[in-house]
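A short write-up of the structure that comes next.
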Amino acid sequence: MSNILNKVVLISGASSGIGEATARELAHAGAKVMIGARRTGRLEALAADLGENAAWARLDVTDRASFAEFVAAAERRFGQVDVLVNNAGVMPLSPLSALLTDQWDQMIDVNIRGVLNGIAAVLPRFTARGDGHVINVASTAAYRVFPTSAVYSATKYAVRAITDGLRMEHTSIRATTISPAATESELAHTITDPSTQQVIADFRAAGMLPASAIAQAIRYAISQPADVDVSEMIVRPTISNMS
């Protein structure tokens, strides 16, 4: 816990789901959290609930300038940034034959470019002082592809590759991939293909992880000593048919 106390942690996609749960988990553990998302009403309410250890700012992860300003706002409020949790993501699953190309673009923009924009915003600061931690939330879809997940899985495979590359290039910076299985969140709400909606609803009805389980995994990675890098964590429910 002492390795979390007073650390400044940036969390994208913090207005619900894993991001919100992570903000609560880390703030309660003594971290100072800067929460970002596009739904500012939710951010404001969450920050008020968490108290003086939390601040918020609007964040569009697809906009590099927005991410840069988000980091600058955290520094103005709390000083040095210690950890970035790249959590924002979308999952509008559909078969390729549905040709929902705008949704393909959305997944690429949020799930890949959003991660890169976050890294670009903190990396110069981390390298300058030889310390820092980037945690990228991927998915078990980063390890397998299933019908309707081709583009989504591709973006999450990319998150794994980006995280591994960051770790190899910067040995003084910790880099962690957290890969949850189906988790309580609003991700499935972005699915518009009717056949996929039903399949995923049935799949998720079989059982999901609470968002707090992923938040606890993130806390574990952050809490390790500075010379310990938790490179990858896959978090699954114990239900046998979940992946």
Would you check if there is a residue in region 51-61 being crowded, with 16+ Cβ neighbours inside 10 Å and among the basic types (Lys, Arg)?
no
Please specify each residue of region 169-189 satisfying the condition of being under 25 Å from residue 149 (Cα atoms) and either at pLDDT 95 or above or not in a loop (DSSP other than H, G, I, E, B) (or both).
176, 177, 178, 179, 180, 183, 187, 188, 189
Of the numbered conditions (1) touching a residue at least 24 places away in the same chain (Cβ under 8 Å); (2) under 19 Å from residue 72 (Cβ atoms); (3) out of contact with any helix residue (DSSP H, G or I) (no Cβ under 9 Å at 6 or more places or on another chain), residue 5 satisfies every one except a single condition; which is it?
(2)
Looking only at region 71-94, which residues are in contact with a helix residue (DSSP H, G or I) (Cβ under 7 Å, 6 or more places away or on another chain) and either more than 25 Å from residue 184 (Cβ to Cβ) or of a type outside the set (A, V, I, L, M, F, W, C) (or both)?
71, 81, 86, 87, 89, 92, 94
Assuming residue 148 fulfils every condition listed in (1) assigned to a loop (DSSP other than H, G, I, E, B); (2) surrounded by fewer than 18 Cβ atoms within 10 Å (Cβ to Cβ) apart from one, which condition is it?
(2)
Quick one: which of 17, 30, 36, 13 is closer than 18 Å to residue 136 by Cβ and in contact with a Leu (Cβ under 6 Å, 6 or more places away or on another chain)?
36
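The rows are residues; the columns are (1) of a type in the set (S, T, N, Q); (2) at pLDDT below 95; (3) in contact with a strand residue (DSSP E or B) (Cβ under 6 Å, 6 or more places away or on another chain); (4) buried (at least 24 other Cβ atoms within 10 Å of the Cβ).
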position	(1), (2), (3), (4)
93	no, yes, no, yes
100	no, no, no, no
103	yes, no, no, no
106	yes, no, no, no
109	no, no, no, no
121	no, no, no, no
Looking at 118, 114 in this structure, which one is in contact with a Leu (Cβ under 8 Å, 6 or more places away or on another chain) and under 23 Å from residue 173 (Cβ atoms)?
118
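The values are calculated or read from the model by the stated rules, or taken from the named source; none is laboratory data. Computed from a predicted model, the values in this text were never measured in an experiment. Don't worry about glycine lacking a Cβ; one is built from the backbone with ideal geometry, like all the others, and counts go over all protein chains shown.
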